[in-house]
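The values are calculated or read from the model by the stated rules, or taken from the named source; none is laboratory data. The structure displayed is predicted, hence computed values, not measured ones. Positions of Cβ are generated from backbone atoms using ideal geometry, with glycine treated the same way; all protein chains shown enter the neighbour counts. Keep in mind that these areas ignore ligands, DNA and RNA; they rest on the heavy atoms of the full protein, side chains included. Shrake-Rupley method; radii C 1.70, N 1.55, O 1.52, S 1.80 Å.
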Amino acid sequence: MEALDILKKIVEKAEEKKGEDIVALEIGKVSPIADYMVILSGSVPVHTRAICDNIIAGLKEYGVIPQHLEGYNEGRWIAIDYGDIMVNIFLPEIRDYYKLEWLWSDAPRVEINSTVKES
């Protein structure tokens, strides 16, 4: 699967579990660490873990397995590393504290909808 196809599936799987305030950034334009970063929120730890589980299970169907998973047990900030795509699932107060969107403000946003387009 291409990175944009994986990005679309991540967003779709996050939306299925009611992920909130989903933002996708094309960080590859400003950093070599990955091509894309997805940032979203869940309301409580059980919600962030459910979003994470749905993303991982949904991508596994396509043979896409995360390279690393961090923060799952606490559920406050879950990071899923798919190599070309980094996924960050936050509780709202943790997301507000770390302000990743601000840190990566030089990276172009990717329009998130059923067709996922670069903007």
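With the structure loaded, tell me whether G71 is out of contact with any strand residue (DSSP E or B) (no Cβ under 7 Å at 6 or more places or on another chain) and free of Cβ contacts under 8 Å to residues at least 60 places away in the same chain or whether it fails that test.
no
Across the range 57-72, which residue is nearest to K17 (Cα to Cα) among those that are open to solvent by 40 Å² or more (accessible area, probe 1.4 Å) and part of a helix (DSSP H, G or I)?
Only one residue fits best here, namely A57.
Provide a single number: the residues in the range 73-107 that are part of a helix (DSSP H, G or I), more than 15 Å from R49 (Cα to Cα) and open to solvent by 40 Å² or more (accessible area, probe 1.4 Å).
The total comes to 7.
For D21, state whether it is touching a strand residue (DSSP E or B) at 6+ places or on another chain (Cβ under 9 Å), within 17 Å of V110 (Cβ to Cβ), charged (D, E, K, R) and buried (at least 16 other Cβ atoms within 10 Å of the Cβ). Walk me through it before giving the result.
Details: touching a strand residue (DSSP E or B) at 6+ places or on another chain (Cβ under 9 Å): yes; within 17 Å of V110 (Cβ to Cβ): yes; charged (D, E, K, R): yes; buried (at least 16 other Cβ atoms within 10 Å of the Cβ): no.
Criteria not met by D21.
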